[in-house]
Amino acid sequence: MSEGTAKKIMYVNRKAPYGTIYALESLEVVLIAAAFDQEVSLVFMDDGVYQLKKGHQTKGIEMKNFQPTYRALDDYDVNKLYVEKEALQARGLSQEDMCVPVEVKSAAEIGKLMEEQDVLLSF
Amino acid sequence: MNFGILVNEGPYTHQASDSAYQFCRAALAAGHQIQRVFFYHDGVNNASRLTEPPQDDRNIVNRWSKFAAEHKVDLVVCVAAALRRGIKDENLAAGFRISGLGQLIESSIQADRMVTFGD
Amino acid sequence: MLHIVNKSPLERSALDSCLAAAQPGAAVLLIEDGVYAATRGHAGEGKLRAASAHLQIYVLAPDLEARGMAQSLADGVKPIDYAGFVELVAQHRNCQSWL
């Protein structure tokens, strides 16, 4: 698809990992979407920021640790990752706790980005 | 206008599938089209033809099947999510088809609007 | 744009998050358990009223009626039916469901 017709698609992640499957299956969508040459961005708000918290160790719960997949996103040219500032603060986290390079933005700034999208998919 | 719909929850536990159905009906009544309804996460359970709700309740699965037949609406169940949850061709209700996540992305590209129903 | 909230604000933070991100002029539609936010005497009534100064707030009437709250609709919230829901989506260039 040519540059002019690419749609801006934002994936909105607001749920913590492991407790429910949404984070993992959302990531699966993003990986497939990368093949479609659209303008993809990911935003992590609320408990969604926990998806990127460094150091997941899932052996004890016998679930797949999908954190390495976030680090692979760059290979798929998915490199617009935004994290909500207020969500980090409320959870005692900072940018240094994130497992991949992210841009920290306020909720209002994320709201502005949302306005610019053609499609928002939330899981 | 062409609407793409994403349903992320199964029938009965959450209202998501009901809300999506009512939205789709209202959209067609207003002269719009439903480009596709994509079922993801537990939403794939909407496609199980083995569900048997009590007589006095709505039959969510049959309702989607009938809707697809009457209005030629494309009901797509995500294959990866479906296999995880035991939804296969042998228990797939009429009007649904199993396909890849690419169908969801394609829907969000082709449809004029994408509306998500979930929990 | 259109924001859709389907969560009770006393159980989940979806509405708060939505209101923090929503830009002036945007529309917010409350559906499913989200409709409780649009009722009189609710703890979040003041917050919603404040938000209605710069946002258009709608509530899905069938969901409000189903929950026995139709008589308690808060001021500044516009009730709509499913046809109105479809119209709102069509009118706005995009929508975000705060699941």
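Structure above, values below:
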item: Of all accessible heavy-atom area on chain A, the percent that carbon and sulfur account for (1.4 Å); result: 48
item: Derived scalar couplings ³J(HN,Hα) [the range C:18-29; Karplus, 6.51 cos²θ - 1.76 cosθ + 1.60; whole Hz; x for Gly, Pro]; result: 4, 5, 6, 9, 4, 8, x, x, 6, 10, 10, 10
item: The range C:1-82: trypsin sites (Lys or Arg not before Pro) falling in loop per DSSP and having at most 15 other Cβ within 10 Å; result: C:40, C:67
item: Per-selection Rg to Rh, the protein assembly as shown - Cα, Kirkwood hydrodynamic radius; result: 0.95
item: Solvent-accessible area lost in complex, 30 Å² minimum, residues of the range B:9-48 relative to chain alone, 1.4 Å; result: B:15, B:19, B:22, B:23, B:26, B:40, B:41
item: Rounded accessible area of residue A:76 (nearest 10 Å², 1.4 Å probe); result: 110
item: The range B:48-119: trypsin sites (Lys or Arg not before Pro) falling in loop per DSSP and having at most 14 other Cβ within 10 Å; result: B:58, B:72, B:88
item: Label zone at residue A:115 (point 7 Å along Cα-to-Cβ), backbone N below 18 Å, the range C:63-99; result: C:91-97
item: Rounded to the nearest 20 debye, dipole of the protein assembly as shown from Cβ charges on Lys, Arg, Asp, Glu; result: 180
item: Long-range HN-HN contacts of residue A:40 with modeled amide H, under 5 Å; result: A:9
item: Residue A:5 accessible area, 1.4 Å probe, all protein chains in place, Å² to nearest 10; result: 80
item: FRET efficiency for residue B:52 and residue A:20, using Cβ-Cβ distance with R0 set to 30 Å, rounded to 0.05; result: 0.65
item: Helical mean residue ellipticity (222 nm; -39500 (n - 2.57) per DSSP H run of 4+; nearest 500) of chain C; result: -8500 deg cm²/dmol
item: Average accessible surface area per residue within chain C, 1.4 Å rolling probe, Å²; result: 39
item: Positive-end extreme of charge dipole, the range C:2-98 - chosen from C:85, C:68, C:3 (charges on Cβ); result: C:3
item: The range C:1-54 and the range A:11-62: distance between their alpha carbon centers, rounded to Å; result: 25
item: Convex hull (Cα only) mean projected area of the range A:3-122, reported in nm² to one decimal; result: 7.3
item: For residue B:84, net neighbour charge (Lys/Arg +1, Asp/Glu -1) across residues whose Cβ lies under 14 Å away; result: 0
item: Residues in the range A:79-123 that, when all protein chains are in place, have 50 Å² or more less accessible area than the chain alone would give (probe 1.4 Å); result: A:114, A:115, A:120, A:121, A:122, A:123
item: Simple Cβ-charge dipole of the range C:2-98, Lys/Arg +1 and Asp/Glu -1, about Cα centre, in debye nearest 20; result: 240
item: Label zone at residue A:97, where the point sits 7 Å out along the Cα-to-Cβ direction: the range A:41-62 residues whose backbone N lies under 13 Å; result: A:46-56
item: Computed [θ] at 222 nm, deg cm²/dmol, chain B (DSSP H ≥ 4; -39,500 (n - 2.57); rounded to nearest 500); result: -10000 deg cm²/dmol
item: Volume in Å³ per residue [convex hull over Cα atoms, computed for the range C:2-98]; result: 81
item: Only Lys, Arg (+1) and Asp, Glu (-1) charged, at Cβ; chain B dipole about Cα centre in debye; result: 220
item: Greater than 23 Å apart at Cα, pairs in A:8/A:105; C:47/C:78; B:72/C:78; result: B:72/C:78
item: Within-12-Å neighbourhood charge of residue A:96 [Cβ basis; K, R +1; D, E -1]; result: +1
item: Charge context of residue A:119, other residues only, Cβ under 12 angstrom, K/R +1, D/E -1; result: -1
item: Under 5 Å, built H, 5+ apart or other chain: amide partners of residue B:116; result: B:6, C:97
item: Binned Cα-Cα distances of chain B, short to long, each 5 Å bin given as a whole percent; result: 2, 13, 24, 27, 21, 9, 3, 1
item: Residue C:73 long-range amide H proximity, modeled H, under 5 Å; result: C:40
item: Positive-end residue of A:76, A:94, A:35, charge dipole of the range A:3-122 with Cβ unit charges; result: A:94
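The values are calculated or read from the model by the stated rules, or taken from the named source; none is laboratory data. Just so it is clear, the model here is predicted, and its values are computed rather than measured. Methodologically, a virtual Cβ is constructed for each residue, glycine included, from the backbone with ideal geometry; neighbour enumeration extends over all protein chains shown. Calculation scope for accessible area: heavy atoms of the full protein, side chains included, ligands and nucleic acids excluded. Shrake-Rupley method; radii C 1.70, N 1.55, O 1.52, S 1.80 Å.
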